[in-house]
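Working notes for the structure below.
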Amino acid sequence: MGNYCNKPVPLPTARLPPTHPLRLFLNLLRAAGPSTTGAIIPPMRFLHTMLRVGDLQRSIDFYTRVLGMTLLRTTDRPEQKYSLAFVGYGSNPDHAELELTYNYGVEQYELGTAYGHIALGVADAYGACEKIRAAGGAITREPGPVKGGTTVIAFVTDPDGYKIELIERKNS
């Protein structure tokens, strides 16, 4: 593994000509202002998360009808053999989006062990689970306090098996 630390690494830019690409890039970064996180690049925004799905319409229905997201836009690329649907509670840049990707002819994916879950803030986890269940959604962990804490959480599974954590936030 690499040696990662928060100490800046000095770059030998003093010897670079004024038009050198590295010097120009660093000047752009400096013009963006100081980073509040100590990162060497300006602050970034979380834009979207992509999930591969086996049936695009089924997934759109789940995220819009069951979880109350809005279908923001779709793209179909027949020559490249895939279709996209972006859903969310608002669109970029104010809100992160969920990109649903359907690759033609692939009905199921192996989820693997690295993927965890998506988390959504809800005002009432108990009420949200009742509504999700009534709409046909699968509750895989009933609402209740997280182990060792007081935050109320629940888990839902989408039609492709992806886990969605509901975290109770009274101001959601």
Could you grab the pairs with beta carbons closer than 8 Å, sequence gap of 6+ or different chains, first residue in segment 56-79 and closer than 27 Å to residue 127 by Cα, second one outside any helix (DSSP H, G or I) and open to solvent by 90 Å² or more (accessible area, probe 1.4 Å)?
68/89; 69/89; 70/89
Hey, among the residues in segment 104-135 that are of a type in the set (Val, Ile, Thr) and in contact (Cβ under 8 Å) with a residue 60 or more places away in the chain, which one's farthest from residue 163 (Cα to Cα)?
132
Those residues that are of a type outside the set (Phe, Trp, Tyr) and surrounded by 14 or more Cβ atoms within 10 Å (Cβ to Cβ), I need them from segment 59-69; list them, please.
59, 60, 61, 64, 66, 67, 68, 69
Examine segment 106-122 for a residue that is of a type in the set (Ser, Thr, Tyr) and within 24 Å of residue 56 (Cβ to Cβ), and state whether such a residue exists.
yes
Going through (1) modelled with pLDDT under 90; (2) surrounded by fewer than 11 Cβ atoms within 10 Å (Cβ to Cβ); (3) over 13 Å from residue 98 (Cβ atoms) one by one, residue 35 fails only at (2)
Take segment 86-111 and flag every residue that is assigned to a loop (DSSP other than H, G, I, E, B) and of a type in the set (Asp, Glu).
94, 107, 110
As an exercise: evaluate residue 83 against (1) assigned to a strand (DSSP E or B); (2) open to solvent by less than 70 Å² (accessible area, probe 1.4 Å); (3) under 20 Å from residue 118 (Cβ atoms); (4) at pLDDT 95 or above and give the number of the one condition it does not meet.
(3)
Considering only residues that are over 19 Å from residue 66 (Cα atoms) and in contact (Cβ under 8 Å) with a residue 24 or more places away in the chain, look in segment 86-100 and name the one that is surrounded by the most Cβ atoms within 10 Å (Cβ to Cβ).
92
Report yes if residue 161 is surrounded by fewer than 18 Cβ atoms within 10 Å (Cβ to Cβ), of a type outside the set (A, V, I, L, M, F, W, C) and under 16 Å from residue 58 (Cβ atoms), otherwise no.
yes
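The values are calculated or read from the model by the stated rules, or taken from the named source; none is laboratory data. Since the structure is predicted, the reported quantities are computational estimates derived from the model, not experimental observations. Quick reminder, even Gly has a Cβ in these numbers, built from the backbone with ideal geometry, and neighbours come from all protein chains shown. Quick note on the areas: whole protein, heavy atoms, side chains included, nothing else; ligands and nucleic acids left out. Shrake-Rupley method; radii C 1.70, N 1.55, O 1.52, S 1.80 Å.
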